[in-house]
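**Student:** Dumping the structure here so I can ask a few things about it.
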Amino acid sequence: MAIMSNKPDFVDNQDGNTLSQAIKNHLKVLKEAGKTPDELCISTAYFNPNGLQSIFKEARHVNSIKLLLGAEPTPESLRPIRQVGDPQEPEFTNRVVSKALNKLSESIKRDRNYLPFDLETTDGVRNLLEFLNSGKIEVRRYEGNFLHAKAFIFRGDDKGLLSGSSNLTYAGMNRNLELNLGHY
């Protein structure tokens, strides 16, 4: 059963209960009540333009959006083990994080280069550029360590939080089996 209330409590991207729909519905109901959040703060380990596009229509009315990007941690089974001659901590971890951030940058570039030539993608890129040029969105990349946290925080008089496993990607917001919980 899909939960489509103003304040979604549980989102799993199944049967229409998507994170993008929950965020859009929440922002729409708040806007109609004259309670647009002062700020939407988003923390995500991965991002793509279509993820932002999936909430753009309602999110563009928020006064300020802060987007914190990180990098997914390497699974423990694949993490490099410090060898003789490797630098001490924290330099060893810094190098591993730096390598992951570089892989993330390359992945975003690859995703960009393989975007389809269709109207939806063109609109998504235009909306992203409009957002970036509006002064309403601030984007930062966390480089101090791995950032695996995913959260969508609504700040202002009607505060709220959606947090769980969804990245700000089209799949994470709409298609992947995810678990996100809301608290208001």
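**Student:** Report the FRET efficiency, 1/(1 + (r/R0)^6), for A149 and H183, where r is their Cβ-Cβ distance and R0 is 22 Å, rounded to 0.05. Could the numbers behind the result be given before it?
**Tutor:** On the way: r = 15 Å, r/R0 = 0.68.
Given R0 = 22 Å and the Cβ-Cβ separation, E is 0.90.
**Student:** One-quarter of the Cα convex hull surface for the chain, in nm²?
**Tutor:** On the way: hull surface 48.3 nm².
That works out to 12.1 nm², a quarter of the Cα hull's surface.
**Student:** Quick check for me: using +1 on Lys/Arg Cβ and -1 on Asp/Glu Cβ, what's the dipole size of region 40-184 about its Cα centre, in debye to the nearest 20?
**Tutor:** Working: 19 positive and 17 negative charges, 32 e Å.
Magnitude of the dipole: close to 160 debye.
**Student:** Please report, as a whole percent, how much of the solvent-accessible surface of region 117-178 comes from carbon and sulfur atoms (probe radius 1.4 Å). If you can, show how the numbers build up before the last one.
**Tutor:** Values: 1900 of 3770 Å².
C and S atoms contribute 50 percent here.
**Student:** Also: Among the lysines in region 55-184, how many pairs, 8 or more places apart or on different chains, have alpha carbons under 16 Å apart? Mind dumping the intermediate values first?
**Tutor:** Numbers: K57/K136; K66/K136; K66/K150; K66/K159; K99/K109.
So the count of such lysine pairs works out to 5.
**Student:** May I ask you to derive the FRET efficiency for V139 and S77 from their Cβ-Cβ distance with R0 = 35 Å, giving the value to the nearest 0.05? Please list the in-between numbers first.
**Tutor:** Working: r = 32 Å, r/R0 = 0.90.
The calculated FRET efficiency here is 0.65.
**Student:** A follow-up question, please. Answer rounded, prolate or oblate for region 92-148, using the Cα gyration tensor with square roots of eigenvalues a ≥ b ≥ c: rounded when a/c is under 1.5, else prolate when a/b is larger than b/c, else oblate.
**Tutor:** On the way: a/c = 4.33, a/b = 1.67, b/c = 2.60.
Oblate shape, in that a/c is at least 1.5 and b/c is the bigger or equal ratio.
**Student:** Which order do you get for D111, D38 if you rank them by accessible area with a 1.4 Å probe, largest at the top? Intermediate values should be presented prior to the final figure.
**Tutor:** Working: D111 50, D38 85 Å².
The most accessible residue leads, giving D38, D111.
**Student:** Shifting gears a bit: At 0.36 nm per residue, minus the direct Cα-Cα distance, what do K35 and H61 gain on full extension? Give it in nm, one decimal, please. Don't skip to the end; give the middle numbers.
**Tutor:** Numbers: separation 26, 0.36 × 26 = 9.36 nm, distance 1.08 nm.
8.3 nm is the gain from fully extending K35 to H61.
**Student:** Less than 15 Å apart at the alpha-carbon level, and either on another chain or at least 8 residues along: which aspartates and glutamates does that give for K28?
**Tutor:** Of all the aspartates and glutamates, those that pass the test against K28 - Cα under 15 Å, at least 8 places apart if same chain - are D38, E39, E58, D158.
**Student:** What angle, in degrees between 0 and 90 and rounded to the nearest 10, separates the Cα long axis of helix 49-59 from the longest principal axis of the Cα atoms of the chain?
**Tutor:** The two axes meet at around 30 degrees.
The values are calculated or read from the model by the stated rules, or taken from the named source; none is laboratory data. The structure displayed is predicted, hence computed values, not measured ones. With ideal geometry, Cβ positions are generated from the backbone for all residues, glycine too; neighbour counts draw on all protein chains shown. What goes into the accessible areas is simple: the full protein's heavy atoms, side chains included, and nothing from ligands, DNA or RNA. Shrake-Rupley method; radii C 1.70, N 1.55, O 1.52, S 1.80 Å.
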